[in-house]
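Novice: The structure that follows is given in the form of C-alpha cells.
The values are calculated or read from the model by the stated rules, or taken from the named source; none is laboratory data. The model shown is predicted, which means the values in this text are computed figures rather than measured ones. All Cβ positions, glycine included, derive from the backbone under ideal geometry; neighbour counts span all protein chains shown. Heads up: the accessible areas ignore ligands, DNA and RNA and are worked out on the full protein's heavy atoms, side chains in. Shrake-Rupley method; radii C 1.70, N 1.55, O 1.52, S 1.80 Å.
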Amino acid sequence: MHTLAGKRILLIVAGGIAAYKCLELIRRLRERGARVRCILTAAGAAFVTPLSLEALSEQEVHTDLFTLGRESEMGHIQLSRDADLLVVAPATADIIARMAAGIANDLATTAVLATDKPVLAAPAMNVRMWEHPATQANLATLRARGLATVGPDEGEMACGEWGYGRMAEPTAILAAIEAQLAPAGRLAGLRALVTSGPTREPIDPVRYISNHSSGRQGHAIAAALARHGAATTLVAGPTALPDPPGVQVVAIETAVEMLAACEAALPVDVAVCAAAVGDWRVVQASPQKMKKDPSGPPSLRLAENPDILATLARAGDRRPRLVVGFAAETTCVVEHAEAKRVRKGCDWIVANDVSPATGTFGGASNTVHLISAAGGIEAWPQMSKQAVAERLAGRIADALAPGSTAVAS
Ligand code: CTP
C-alpha cells in the first residue's frame, strides 16, 4: 500500500467548490506514505479552512507570500523545490490562466512559476468556463510546457449545469499522482496497440449503424500505457474525445478499417481491445442516398464483421505477447466473460457490467473484474475509467516490463 513512501507532494488548493475533495485526497496520499504540504489560496480559503488541511496533512499550511517570519523559514522557492510533485487541485479557470501567463501574484502561482518539479493539475470549473477557448488555449500552452492533467469529469455541477467540469475523484487524482511518480517508463521500449470507441457501418452516404460507446475507457488505457513509456498506437472509431497526449492515433470508421489499421500496427508487445466493434455491416452500402419507396422500407442484408480481438489473439508469430479483451455483459458477468476469453483466445479479459442500472456505457466510471487465462479473477471496486486504465496499465507493466517476474497469463 505504501506506493508513495517518502514522496513529497505540494498540494495547491485553489478556490472551487471541489476543494473539499482535497481533504480525502490528503488522507489517501498519507495512507500511501506520502508527505503532503499544502498551499491554500485566498479563494480556496473560502471553501476549506487552513485548520482542516493542517489537521489532515499534519504540516503547516501556507497561505501568504509575504509572511516575513515564515518566509525566512520556508520561502516560496524552497517550498516548491522541496517537493517531488506539485498538484493543483482544484485547478480553477483563474489559476490555470495565471499559470499559463506566468503571473506570480500570490504564493500558489509564485510556487508554480518557481518550481523545477513536474506539475499535475485537476481542473474544476463550470462547463462553459471549461469549454471557453481561453481556458482551452491556456491548457494547451501549459500542456505543451509539460503540465499533466487529470479530469475534469462529466456530470452535474454545483451550479446545476451538466457537462465537463467536475474535478476528478480523489481516487483518479491519486492514480495520476502515482503514475507521475512511478519509476520512469516501466514500459519503455515496448509497443502497445489499443482499440477504442464505436465503429460506424455505412448504410448509404448519410446513414450508418453504430452504438453508444464513448471511447473513454480505451482512450484512457492508451494514455496510461503511453505514460508508462510504451510506444502506443490507438485505433479509434469516431468519438468526441481529444487525442490522448503522446499517443499515435489512427482514426477509422468501420470494423474492416479497424482491423486493417490494427494489422498495420503489428508487431506490438501488448494489444488491448476496448472498442465496441459493430458485429455486423451492411453487405452492400448504397452509393446514393436511399429514397423512400412506396413498396415499403428496404431490407438490409447484413454480414458479420471480422473479430479484431480474436484475429490478434490468433495472429501466429505476429501475436502480441499479451492480448487483452473487454467483455461487456449484463448477466452472469464473470462466467460469460470467461467463456468469451476462451472463445476469442485472449490472455486476459476485463469484464464489465453494462446493465443499464450501472450507467457504465457512456458513463465516467466502471466496475470490472480482471480475469486471466491462469484462472485469476480480481474484482476491482467501482472506480473512474481513468483509474481502471491506470490500474490495468500497472498490471500490464508488471507482466511485461523487462526484468519482471510476473507471467503474462
Ligand atoms: N471485439 C472485436 N471485434 C469484434 C467484436 C468484438 O475486437 N468484431 C472485441 C471487443 O473490443 C472486446 C471483445 O471483443 O474486447 C468483446 O466484445 P463484446 O461486444 O463484449 O463481445 P461480442 O464479441 O460482441 O459478443 P456478444 O455480443 O455475443 O456478447
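Novice: Where in segment 252-335 are the strands (runs of 3 or more DSSP E), entirely inside, with at least 2 residues that are open to solvent by 30 Å² or more (accessible area, probe 1.4 Å) and within 19 Å of residue 215 (Cβ to Cβ)?
Specialist: On the way: elements: 270-273, 280-282, 302-304, 322-329.
In segment 252-335, 322-329 are the strands (runs of 3 or more DSSP E) which contain 2 or more residues that are open to solvent by 30 Å² or more (accessible area, probe 1.4 Å) and within 19 Å of residue 215 (Cβ to Cβ).
Novice: If you don't mind, another one. Among residues belonging to segment 260-318 that are under 21 Å from residue 345 (Cα atoms) and among the polar types (S, T, N, Q), point out the one that is farthest from the ligand (Cβ to nearest atom).
Specialist: Taking the candidates together, the pick is 311.
Novice: Looking only at segment 173-185, count every residue that is open to solvent by 10 Å² or more (accessible area, probe 1.4 Å) and either touching an Asp or Glu at 6+ places or on another chain (Cβ under 6 Å) or in contact (Cβ under 8 Å) with a residue 24 or more places away in the chain (or both) and tell me the total. Before the answer, list the steps.
Specialist: At the first step, the residues of segment 173-185 found to be open to solvent by 10 Å² or more (accessible area, probe 1.4 Å) are 175-176, 178-185.
Those left that are additionally either touching an Asp or Glu at 6+ places or on another chain (Cβ under 6 Å) or in contact (Cβ under 8 Å) with a residue 24 or more places away in the chain (or both): 175-176, 178-182, 184-185.
Total meeting the criteria: 9.
Novice: Can I ask one more? So is residue 364 in contact with a strand residue (DSSP E or B) (Cβ under 8 Å, 6 or more places away or on another chain), open to solvent by 20 Å² or more (accessible area, probe 1.4 Å) and aliphatic (A, V, I, L, M) or not? Write out each step before concluding.
Specialist: On the way: in contact with a strand residue (DSSP E or B) (Cβ under 8 Å, 6 or more places away or on another chain): yes; open to solvent by 20 Å² or more (accessible area, probe 1.4 Å): yes; aliphatic (A, V, I, L, M): yes.
In short, yes.
Novice: Oh, and also: Quick test of your reading of the structure: residue 342 fulfils all but one of (1) in a loop (DSSP other than H, G, I, E, B); (2) open to solvent by 60 Å² or more (accessible area, probe 1.4 Å). Name the failing condition by number.
Specialist: That leaves (1) as the condition not met.
Novice: Determine which member of the set 287, 294 is over 23 Å from the mean Cα position of the chain (by Cα), over 23 Å from residue 375 (Cβ atoms) and in contact (Cβ under 8 Å) with a residue 60 or more places away in the chain. If you could, list the steps in order and put the result at the bottom.
Specialist: Details: 294 fails: in contact (Cβ under 8 Å) with a residue 60 or more places away in the chain.
Checking each option against the conditions leaves just 287.
Novice: Which residue out of 160, 155 is at pLDDT below 95, at positive phi and in a loop (DSSP other than H, G, I, E, B)?
Specialist: Details: 155 fails: in a loop (DSSP other than H, G, I, E, B).
So the residue among 160, 155 that is at pLDDT below 95, at positive phi and in a loop (DSSP other than H, G, I, E, B) is 160.
Novice: Here is a further query. Quick check on my filter: what residues within segment 186-216 are under 20 Å from residue 400 (Cβ atoms) and either open to solvent by 30 Å² or more (accessible area, probe 1.4 Å) or not small (Gly, Ala, Ser) (or both)?
Specialist: Selection gives 186, 187, 188, 189, 190, 191, 193, 194, 195.
Novice: In addition: Would you check if residue 222 is at pLDDT 90 or above and either of a type in the set (Ser, Thr, Tyr) or assigned to a strand (DSSP E or B) (or both)? Talk me through it step by step, then tell me what you get.
Specialist: Values: at pLDDT 90 or above: yes; either of a type in the set (Ser, Thr, Tyr) or assigned to a strand (DSSP E or B) (or both): no.
It is false that residue 222 is at pLDDT 90 or above and either of a type in the set (Ser, Thr, Tyr) or assigned to a strand (DSSP E or B) (or both).
Novice: Please give the strands (runs of 3 or more DSSP E) falling wholly within segment 17-135 in which 3 or more residues are among the β-branched types (Val, Ile, Thr) and surrounded by 16 or more Cβ atoms within 10 Å (Cβ to Cβ).
Specialist: Details: elements: 35-40, 85-91, 119-123.
Output list is empty.
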